[in-house]
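The values are calculated or read from the model by the stated rules, or taken from the named source; none is laboratory data. Since we're looking at a predicted model, the values are computed, not measured. Positions of Cβ are generated from backbone atoms using ideal geometry, with glycine treated the same way; all protein chains shown enter the neighbour counts.
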Amino acid sequence: MKRYFFVYANEERTLLHAGVTSDIVKTMKFYDGLITLLPKPKKLNYLVYLEDTVLEVIAQKKLIEFGGMKQVEKVKLVESVNPQFIEITAESLQHQGW
């Protein structure tokens, strides 16, 4: 079963949160629901990085590595595929065949 490694960011792109999921659409809906629960600086409402992996162990390894990175390294990882931190939407995922 595929697993997805993802990174969400707040509006200012200063707070980054990574996770692993098997259902990215369900995860996106979950994060959309969190918008009303968290104070503004901590609202993680922008999916900015998404990578599909073949095995859960690979996704978990990426998550552990991400957790050990400094903020600058985390930003560089996101910028390597999304230089302007543009939000990844459900529509853009459908368009790309996810």
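Values computed for the structure shown
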quantity	calculated
Selection within segment 56-80 - aliphatic (A, V, I, L, M) and more than 23 Å from Lys29 (Cα to Cα)	Val57, Ile58, Ile64, Met69, Val72, Val75, Leu77
Residue within segment 16-23 that is under 23 Å from Ser92 (Cα atoms), among the charged types (D, E, K, R), part of a loop (DSSP other than H, G, I, E, B) and at pLDDT below 85 present	no
Residues within segment 53-98 that are among the polar types (S, T, N, Q) and over 16 Å from the mean Cα position of the chain (by Cα), tallied	2
Of the criteria (1) under 13 Å from the mean Cα position of the chain (by Cα); (2) modelled with pLDDT of 90 or more, which one Phe30 fails	(2)
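Rundown of residues vs (1) touching a Pro at 6+ places or on another chain (Cβ under 6 Å); (2) under 20 Å from Gln96 (Cβ atoms); (3) part of a loop (DSSP other than H, G, I, E, B); (4) modelled with pLDDT of 85 or more, yes/no style:
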| site | (1), (2), (3), (4) |
| --- | --- |
| Tyr8 | no, yes, no, yes |
| Leu38 | no, no, yes, no |
| Asp52 | no, yes, no, yes |
| Gln60 | no, no, no, yes |
| Ile64 | no, no, no, yes |
| Pro83 | no, yes, yes, yes |
